[in-house]
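**Q** Below you'll find the structure I mean.
A short reminder: the numbers here are calculations on the coordinates, not readings from a lab. It should be emphasised that the depicted structure is a prediction, and the values quoted were computed from it without experimental measurement. Neighbour counts are summed over all protein chains in view; Cβ atoms, including those assigned to glycine, are modelled from backbone coordinates with ideal geometry.
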Amino acid sequence: MDTRVAVISIIVTEASQVEVLNNLLHEYSKYILGRMGVPYREKNLNIISIAIDAPMDEINSLTGALGRLEGINAKVTYAKS
C-alpha cells in the first residue's frame with residue numbers, strides 16, 4: 001500500500017460539530033500520527049492540525065468529509081514524495 005505523509009489543517013467555528021469531527025477522526029485513527037489543537041477563545045474558534053500517513057484516497061476522503069461539515073474548514077498539504 002502506497003501512502004503519503006500530509007498535514008490536515010482544520011478550523012472549527014461551530015462548536016456543535018466537535019463531536020461529529022471527533023467521531024470522523026476516530027474512523028481514520030489508524031492513519032493519524034498526531035494531533036494538535038489550539039483553542040482561540042478571543043475569536044471563538046479552534047485550530048486543529050492532524051499529521052497523517054495514509055493512502056492518498058483516504059486522506060482526500062477524510063478531508064472531503066471534514067469540509068462538508070457545517071462550521072468546519074479543512075485543507076490538506078502533502079509532503080513531497
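**Q** Which members of the range 1-20 meet the condition of being within 14 Å of L62 (Cβ to Cβ), in contact with a helix residue (DSSP H, G or I) (Cβ under 7 Å, 6 or more places away or on another chain) and not basic (K, R)?
**A** Within the range 1-20, A6, I8, I10 qualify.
**Q** State which residue is nearest to the chain's Cα centre (by Cα) when the search covers only the range 10-23 and only residues that are within 12 Å of N46 (Cβ to Cβ) and of a type outside the set (A, V, I, L, M, F, W, C).
**A** Looking at the filtered set, the residue picked out is N22.
**Q** Tell me, which residue of the range 10-31 that is in a helix (DSSP H, G or I) and among the hydrophobic types (A, V, I, L, M, F, W, C) is surrounded by the most Cβ atoms within 10 Å (Cβ to Cβ)?
**A** Of everything passing the filter in the range 10-31, L21 is surrounded by the most Cβ atoms within 10 Å (Cβ to Cβ).
**Q** Look at A79 and say whether it is among the small types (G, A, S), in contact (Cβ under 8 Å) with a residue 60 or more places away in the chain and surrounded by fewer than 16 Cβ atoms within 10 Å (Cβ to Cβ). Walk me through how you get there before you give the answer.
**A** On the way: among the small types (G, A, S): yes; in contact (Cβ under 8 Å) with a residue 60 or more places away in the chain: yes; surrounded by fewer than 16 Cβ atoms within 10 Å (Cβ to Cβ): yes.
Answer is yes for this residue.
**Q** Then there's this: Of everything in the range 48-81 that's β-branched (V, I, T) and assigned to a helix (DSSP H, G or I), which residue is nearest to the chain's Cα centre (by Cα)? First the steps, then the outcome.
**A** So the first thing to find is which residues in the range 48-81 are β-branched (V, I, T), and the list is 48, 50, 52, 59, 63, 72, 76-77.
If we keep only those that are assigned to a helix (DSSP H, G or I) as well, we get 59, 63.
On the way: I59: 9, T63: 6 Å.
So the residue we want is T63.
Listed here are the residues, each with its yes/no results for (1) among the β-branched types (V, I, T); (2) touching a strand residue (DSSP E or B) at 6+ places or on another chain (Cβ under 9 Å).
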| position | (1), (2) |
| --- | --- |
| I47 | yes, yes |
| I50 | yes, yes |
| P55 | no, yes |
| I59 | yes, yes |
| L62 | no, yes |
| E70 | no, no |
| K75 | no, yes |
